[in-house]
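Before any comments, here is the structure.
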Amino acid sequence: MQQTWEVTFSESEKKAILNAYRRLLRACADFLDKKGRAEVRKAFRFALEQHGATRRRTGEPYILHPIAVALILVREIGLRDKYAVMAALLHDVVEDTDTEIETLRWEFGDTVGHLVEALTKITRVQSPLDSVQAETFRKILLTMADDIRVALIKLADRLHNLRTLTGMKPEKQAKILAETEFIYVPIAHRLGLYPIKSEMEDLILRYREPEVYAELERKLQETARERERYIQRFIQPIEEKLKKEIGVPYKIESRVKSISSIYHKMRRQGVPFEEVYDIFAVRIILDSPIETEKADCWRTYSIVTSLYRPNLSRLRDWISQPRPTGYEALHITVMGPEGKWVEVQIRSRRMHEAAEYGLVAHWRYKSTQNGHPSAYDEALERWLNRIRSLLENPDLSSIDLLHELHPDIAHDEVYVFTPKGELKVLPAGATALDFAYEIHSEIGRHAIAAKVNGRPVLLNYVLQNADQVEIITSERAEPTEEQLSFVKTGRARLKIREYLKQQRKQAMEKGRQIFEWRLRHLGIRPEDPVIRELLWYLRLPSLEELWYRLGTHTLDLGQIQDFIRLKRLSQGTTPLIDQLSQQLGLLSGALEVGYPEEKHTYAPCCYPIPFDSIMGYMTAEGLVIHRTTCREIQRLLSLDSAKVKPLRWAPTPQKPFLAALLLEGEDRQGMLLDIVKVISLKKNKNIRSIRIEGQASYFKGIIELYVYNEPELLSLIKALGEVRGLLKIERYQAQLNA
Ligand code: MN
């Protein structure tokens, strides 16, 4: 048995309920007749009895909520409609009490019954735990488009819920915020209810980022007095002129931008609060009759711009051409005192009320201004019709609806769905991998591929609207450097970077331990100059890089062994080097090519020379030796890896090897001569062939020559670097004939 409110509520609570109800009646005074007042009273008594002793999460009597919703509807949204007020008072009784919809129809008539039924339907499709679902969205719109009053009551309900959101569980809070952002804010915008829209946006920011919100609020307060003085200084000359020249009553007000719009501006432009210049706008509202309102607005425009220099690129004429939402006004930005830009909005009272109350204002004007055709009316009708026809088309996805509501952002965002139909919004150009990170950073980290609408795609697949995306993961998958080149969202980029950094640190530490352990065994101190030489030989920029390569197995100790051999070849035997090579030789068990003995040839595609890292390919004629980096050996490796053997150079007497260089640069006179001079005179090397292809003023050449080993070739490359106009010098590698 339900407890009655009379027993449960304290005297002060009863008083609060009564006061709230009286406030509502006062707000309705100018459109309710005696009979209407009685009906509203009946609805109030009914809701009060039905909600009984129930309390809201905030602790206050539940009935205060429907009263507040009705009050927002009348006062803030401006809907002056008896049935809507009654429906607002009763909007939760079917959902929250055991009242049947039939009872409401019987007691309050079909209109109220129908409105409450629609509102109940909306509450029911919004399942309490899931986030915004495409299908929900469609159903909500469908219900709202049926009778615009449903949308307005729902907006009032949502606004009050947002205002009293504290004390709710974080998950539920987040869900309400997301829903508001995706459904109700756009609807408020489309209906031209700008104050409702910006309050919702502010509340979303306040709950989501309380510190940011509080900080901005504080800054706005701190600068309030200064701003007020400035506005007075700005307005004064305008007022003097308006008084003399305009001849209709007017009002000037100044309005500070909403906190969320300041915040978005800061983020969009990447500037601090202090640099958002148009924090406030000055609004001039003219009490003009409808016949002269446009002319009066333009006269006011010329007064303002005669006083302050306008920025013409920021003139917005929504008088000649109202916005699709029906918004009418003139906006200009002018240079005020102290060189500050100030936005001025000029509109007639009719335009102003339309902007504040949206379509509702129009209904009011329709009855008082003997029905002039309003651009606003037509635009709204067009929009509602479009929504209705979209909804009637069963083939259309919810995405089309979403675009209908988000026209401003649709071009730089992409809307996609999870396998469960949950909506995700990503920046346009985002890839499957961005989506993975959007779901969860662990999913992003282990992602290896994706399925889009059931079809397998790579992680760099660019998402399209309405894609349904499923991420395929593997425990062994890890973020890679390459992924950074295609992810679009900051979140994915950050996570991948973090991971790579972490990996690099770990690999370096591992490599450092391997390296230092070896050095200790060899009796070499870490600061020994031989280490510098080793780095030069391996062409590594730093010791950290060497650690990293060892740690990631992209450099093996065999290459260090090569270096030791080289030292012995070029400098003769020293006890230290001997010891070094012996130790390393013991540690490495790879096959060695003693080239005078074994039957082998050197591949003509990559010109391997001593101390290159090499591999051999077994053929009927013997072993063909390639550089490890050669594209041909890599191709063979992928085709027939059993025939590919890793090899090392064996210590041998010196003999010349054929190498090839690829040179590119400016085709100036004497270029070839300069190149030949360096190779044969300065470095004393034999050239075997020169092949030049001129391409207008650019030349490309391949030079074959003989050297003993790689360090020699490197030193030649260094010397060629001095030749003027030579832009590219590298080891030649034949292209594969694909
Ligand atoms: Mn409610």
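No value in this document is a laboratory result; all are computed from the given coordinates. All values derive from a computational prediction rather than experimental measurement. With ideal geometry, Cβ positions are generated from the backbone for all residues, glycine too; neighbour counts draw on all protein chains shown.
Data for the structure
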{"read-out": "Relative counts (whole %) of C-alpha pair distances in segment 218-376, using bins that are 10 Å wide", "value": "10, 37, 34, 17, 2"}
{"read-out": "Under Karplus coefficients 6.51, -1.76 and 1.60, residue-wise ³J(HN,Hα) of segment 159-170 in Hz, glycine/proline x", "value": "4, 5, 4, 5, 5, 10, 7, 4, x, 9, 4, x"}
{"read-out": "Where N is the number of residues in segment 2-167, Cα Rg divided by 2.2 N^0.38 Å", "value": "1.00"}
{"read-out": "Spacing of the two label points (7 Å from each Cα toward its C-beta) at Arg493 and Arg688, in nm", "value": "4.8"}
{"read-out": "Estimated FRET transfer efficiency (Ser302, His440; beta-carbon r; R0 45 Å; 0.05)", "value": "0.20"}
{"read-out": "Among Pro237, Val276, Leu286 the positive-end extreme of the charge dipole of segment 218-376 (Cβ point charges)", "value": "Val276"}
{"read-out": "Candidates per trypsin sites (Lys or Arg not before Pro) in segment 501-556, loop by DSSP, up to 11 other Cβ within 10 Å", "value": "Arg539"}
{"read-out": "Pairwise FRET efficiency - Trp536 versus Glu666, Cβ, R0 = 25 Å, nearest 0.05", "value": "0.30"}
{"read-out": "³J(HN,Hα), Karplus 6.51/-1.76/1.60, whole Hz, each residue of segment 191-201, x for Gly, Pro", "value": "7, x, 8, 5, x, 5, 4, 6, 5, 4, 5"}
{"read-out": "Net charge contributed by nearby residues that have their C-beta within less than 11 Å of Asn460 (K/R +1, D/E -1)", "value": "-1"}
{"read-out": "3J(HN,Hα) from dihedral phi, segment 664-677, Karplus parametrisation 6.51/-1.76/1.60, rounded to Hz, x for glycine, proline", "value": "9, x, 6, 8, 8, 5, x, 4, 4, 4, 4, 5, 4, 4"}
{"read-out": "For Thr473, residues with placed amide H under 5 Å, excluding near neighbours", "value": "Ile448"}
{"read-out": "Cross-link partners of Lys420 among aspartates and glutamates (Cα-Cα below 13 Å; sequence separation of 8 or more within a chain)", "value": "Asp130, Glu135, Asp467, Glu470"}
{"read-out": "Projected label distance in nm at Leu500 and Lys251, using a 7 Å step from Cα toward the beta-carbon", "value": "5.8"}
{"read-out": "Distant-in-sequence amide H partners of Tyr602 (H built 1.01 Å from N, under 5 Å)", "value": "Ile625"}
{"read-out": "Three-way shape label, segment 619-681, alpha-carbon gyration tensor, a/c 1.5", "value": "oblate"}
{"read-out": "Filter on Lys172/Lys265; Lys121/Lys175; Lys682/Lys718; Lys172/Lys219 - keep pairs with C-alpha separation over 20 Å", "value": "Lys172/Lys265; Lys172/Lys219"}
{"read-out": "Percent RCO, i.e. relative contact order, over segment 2-167, from Cα pairs under 8 Å lying at least 6 residues apart", "value": "23"}
